[in-house]
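Trainee: Input: one structure, supplied below.
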Amino acid sequence: MSMEKTEALVIRMVDFSNTSKVVTLFTRDYGKIGVIAKGARRLRSAFDAALDLLSVCNIVFIRNSSAGLDILTEAQLVTRFKPAPGKLSHLYAGYYVAELLDGLSEEHDSHPQLFQEAVETLNRLTGEIPFVLSVLHFELVLLQEIGQLPTFEVCIDCGEPVNARQIYHFKVSLGGFVCPRCLQGNSGYRQVGGDCLNALQNLSTEGDLDLAHLSLTPPLLAQAQATTATAISHILGRRPKMLRYLVH
């Protein structure tokens, strides 16, 4: 066993006994880890201020050399997720971030960039940037980090650049889109406009300042949401539970 220190985001908590909790953390240096926080359910627990869903904390834990849970020994609160009062959609969006991190990441698979993006997304969700843009950007960064980001720039069959005026068909199992010329027969695939693919490509590389000034029409946002939801649902093998509160 070895003792490790890192920064972590709390993405899931389950009561383990009368006094302890099992906590799933997404960490900067070690990826997703499962820890047991002994005494965390006590009224005067040393973890009480830090172990809250979507809180960011500095932790110390003992790595288990076997396949069992690691042991959390210290947790100091850095920031707590607090959307503005009345913005329920922002709260649900935060829960969605936690659900995706838990469902689409492997244990002990380090993704420092994804950790940073998750923290920045939660910060955006407490501000004025539209929550849909914040969530879309996070989804795209996550898909890129796990090697599942669809190809938005060209038709995956013929290689022709995407034309904003054309309709494309999402071959989710192949990770890309095909143009009408390459489509053979009745596809049954989700149809996506070239303008939406261009927007998704831009959104996958936008930073905070540009996100704050990015403007997309409601129909384009809805189409982009549906496209990323299709990709994520395919990878998960199910539709994420929190999507029902974010996509209308």
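Just so it is clear, none of the values below were taken in a lab; they were calculated from the coordinates. Model, not experiment: these values are computed from the prediction. Using ideal geometry, Cβ is built from the backbone for each residue, glycine included, and neighbour counts are taken over all protein chains shown.
Trainee: Could you give the spread of the C-alpha atoms of region 1-127 along their three principal axes, from largest to smallest, in whole angstroms?
Mentor: Principal extents (largest minus smallest coordinate, Cα): 42, 33, 22 Å.
Trainee: Could you order the peptides 155-165, 127-137, 171-181 from most to least packed, using the average number of other C-beta atoms within 10 Å per residue?
Mentor: 127-137, 171-181, 155-165
Trainee: Using a 7 Å offset from the Cα along the Cα-to-Cβ direction at both Q76 and N58, what is the distance between the two label points in nm, to one decimal?
Mentor: 0.4 nm
Trainee: For the chain, report the convex hull volume of the alpha-carbon atoms normalised per residue, in Å³, without decimals.
Mentor: Taking the convex hull of the Cα positions in the chain, it is 140 Å³ per residue.
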